[in-house]
Each structure stands twice: as C-alpha cells, then as structure tokens.
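Inspection log for the structure reproduced underneath, given as structure tokens.
The values are calculated or read from the model by the stated rules, or taken from the named source; none is laboratory data. Everything quoted here is computed from the prediction, not taken from an experiment. Because the Cβ atoms are built from the backbone with ideal geometry, glycine has one as well, and the counts that use them run over all protein chains shown.
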Amino acid sequence: MFLNAAGKVVKGKEVVMQFTPVFWNTSWFKMRPPHTLGLVIDTASGMFGDFPTRYWSDLQWWDILKNTQVMHLEDFPAGFRPVVQPIDTWFLNRRLGLVFEARVGKGRLVVSSADLGPGVGEDRPAARQLYYSIQRYMGSDKFRPKGEVGFGVVKRLFEEPSRYVFSSYTKRGPDELKPGKDMSFSGVGKKEGGLLSIDRKALVIRHNVVNTGFDPMGAITVGNGRFAMTVDATGLQSFPEAYDKGVPLGTESERGWHGWGDSAGYKFSETLKDYTIHGRKVPYAVQWSKPERNKKAADWFRQNLHRLQLGNIGFELTKKDGSQAVMSDLKDIYQELNCWTGR
C-alpha cells in the first residue's frame, strides 16, 4: 500500500524542509526556516530503479522538496531507517523521514510526506517520475521491507505532535539585530515612534568591497550561488600567475564536478563512527587517524566529488609599442563591488 501523507503529518509539522539548507545557524537565528540540511538517500533501494539519484539531494529533488513536509520518526524502532531521510539541523538532530517502507501487520507499506501520487500535474515531472518508480518497485518481487513498525506508531504520525518542540521560532533576525530604543547605528537609521528604523540599504552598502590595486590576498569573487568567478583588478582573470600563492583566480560552477577514481572500493560506512546521543548510538562521518583503511576511506569521500576549475578568462593587454602590459602599467585602479545590487 502507498500512502501519500503530504499535508497530513502532525508529528514533525514544525520542521520546515526545502531544497536549500539552513541559513548559517538555526540556533542563532531562532529557528528561521528551513530547518534541514539536505537528504541521505538509500540508493540501494529498488524504489529508485526508474528515478536516477545519488545518495544526496541532486537538482531533480528541487521540486519534490519545495515546501514539503517531513515526518518525525521519534517513536519508530531504534534501528529503523527511512529510505529518504532529511538531515535535521545540527543542534536538535531529530530522526526525520520523507519516504519510508515497512511491514505493518500482515501488509507492506510505503509512506511519503512529499506530495507524490497520481494527481500530480504534468508541470512536476520529477515528482511524477519518482511516484512512477515507487509504484514499479511496489509491484515487483523486490518490495520486501526489512523494518517492521506497529500500526499505532504509524497512526501517531497523523494524530500526535512531537513530544518536544523547540519553540524559539521567529521570522525576524537574531536578537542582536532587533532595533530598540537604546540602539544606535551611525548613518544607517532614523527614529520612528521612539524606535530606530534601520535603513537596510545604507547598512549594506557601507560594506561595499573596494579594491585599488592588485592584491593576491584580496581578490574579489562574484557569483550567484551556482556560478562563481574570482577576478583581479581588471575585472577578469588577466594576471592569474600573480595570484597563485594567494587567492587563486578561478571559475567554478555547481555543474562542473570532478572525482578521483576509487580503485580500492571504499564504502561510506567505513567513514562512520558511532557516538551515543540521548541514549542511542548515532553514526557520524569523521576524519579517522587509524585504522589506515578508514582514514583513506574518509579522505576519499571528503575529496570526492569536488568542484573543478573551469579555466581563466582575461584581457590580453598591449601597450602602444606593441609590448604586453604588466600589472604595474595599470594606474588609478578603482574597483567596487556594490553589496546591495551585486554589481
């Protein structure tokens, strides 16, 4: 049986899941959403026979995760692991689930808190494909869930809230940034009704990045979160050799990845070490010093995949006599990155 639990979950409804991870630190920013750090996906499951994915959330998960619900599996057996598990914010570390399978009584059940089902529109091809892949899996001989869960445990997901809910949520910034009567920010605010109103633009642009020369330790990086380019004082990467021992001039994209071959057949489980958290053992990927096999496995997974330097783009500068210009030939340099406009 397949159960689409989207919009119906009570135990865990306080957790906001999106494709993007938490903003900096949820404990500092008072649980500003989202509250999760991506996914751990059991790619060995037959659920993904017709839905290509790696063990983390790739771009095909964007629409599936957009404003989706998660399930708080606090009542499930200690060894139970969902097929798709959201990673909780670091200081709460709750066991969450997005898709799980289990034996319940004499039946077999798949539950998804992501909105998957026959009614999903054609404008959501990734969600439709994942649902198709799950249905194919459930109709095959491979559908043999290992975990067993009582009916009452599943029922509580839809009827009872989490036993503990961290309640410092706010839509505003941290306390340090809240304007008050005794706060003063020189040149960035004005009084309104006895309180200081922050002029956000003035606050931001006073931190504009200004460059007046070639500084190998002060290169400027511009980008949009998916593409980034580090430039010298020409605005491009015209003198990359001068920056080799400082902040290198490079170009990277989230679509440009590289990995070293794994001839030793390392397993991710070899990077894990158990820690006792609230009375239960929780595995974490750590940097091992020994045994040597675990150390090399941890090093390999830490280094792979990594973003690839895509190349340099720069000006070819020549002087009037036809000779090539050098950095000292460029005078009166003024380069400013406007932090408000991003230009």
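Do you know which residues across region 93-133 are among the basic types (Lys, Arg) and either outside any helix (DSSP H, G or I) or not assigned by TED's automatic domain parsing to the domain that holds ALA78 (or both)?
Those that are among the basic types (Lys, Arg) and either outside any helix (DSSP H, G or I) or not assigned by TED's automatic domain parsing to the domain that holds ALA78 (or both): ARG94, ARG95, ARG103, LYS106, ARG108, ARG124.
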Q: Only one of these is more than 27 Å from the chain's Cα centre (by Cα) and either assigned by TED's automatic domain parsing to the domain that holds ASP58 or under 25 Å from CYS339 (Cβ atoms) (or both): GLY279, GLY223, GLY250, GLY246. Name it.
A: GLY246
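Here is a yes/no grid of residues against (1) in contact (Cβ under 8 Å) with a residue 40 or more places away in the chain; (2) surrounded by 14 or more Cβ atoms within 10 Å (Cβ to Cβ); (3) in a strand (DSSP E or B):
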{"residue": "PRO216", "(1), (2), (3)": "no, yes, no"}
{"residue": "ALA228", "(1), (2), (3)": "no, yes, yes"}
{"residue": "GLU241", "(1), (2), (3)": "no, no, no"}
{"residue": "LEU249", "(1), (2), (3)": "yes, yes, no"}
{"residue": "GLU252", "(1), (2), (3)": "yes, yes, yes"}
{"residue": "TRP260", "(1), (2), (3)": "yes, no, no"}
{"residue": "GLY265", "(1), (2), (3)": "no, no, no"}
{"residue": "GLU270", "(1), (2), (3)": "no, yes, no"}
{"residue": "THR276", "(1), (2), (3)": "no, no, yes"}
**Q.** Per-region count, region 112-157, residues out of contact with any helix residue (DSSP H, G or I) (no Cβ under 7 Å at 6 or more places or on another chain) and aliphatic (A, V, I, L, M)
**A.** 5
Q) When you look at LYS319, is it surrounded by 12 or more Cβ atoms within 10 Å (Cβ to Cβ) and without any contact (Cβ under 8 Å) to a residue 40 or more places away in the chain, yes or no? A) no
Q) Among LEU310, LEU305, LEU337, LEU330, which is the only one that is loosely packed, with under 13 Cβ neighbours inside 10 Å and hydrophobic (A, V, I, L, M, F, W, C)? A) LEU305
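Table: residues versus (1) in contact with a strand residue (DSSP E or B) (Cβ under 6 Å, 6 or more places away or on another chain); (2) at pLDDT 95 or above; (3) more than 23 Å from VAL149 (Cα to Cα); (4) buried (at least 18 other Cβ atoms within 10 Å of the Cβ).
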| site | (1), (2), (3), (4) |
| --- | --- |
| LYS8 | no, yes, no, no |
| GLN18 | no, no, yes, no |
| PRO21 | yes, no, yes, no |
| MET31 | no, no, yes, yes |
| THR68 | yes, no, yes, yes |
| GLY79 | no, no, no, no |
| VAL83 | yes, yes, no, yes |
Q | Among residues of region 186-205, those that are surrounded by 12 or more Cβ atoms within 10 Å (Cβ to Cβ) and modelled with pLDDT of 80 or more, counted | A | 4
Q) Checking VAL209 against (1) free of Cβ contacts under 8 Å to residues at least 40 places away in the same chain; (2) closer than 30 Å to LEU308 by Cβ, which single condition isn't satisfied? A) (1)
Q.
Being in the same structural domain as TRP28 (by TED's automatic domain parsing), surrounded by fewer than 19 Cβ atoms within 10 Å (Cβ to Cβ) and under 23 Å from the mean Cα position of the chain (by Cα) is the requirement here; does GLN60 meet it?
A. yes
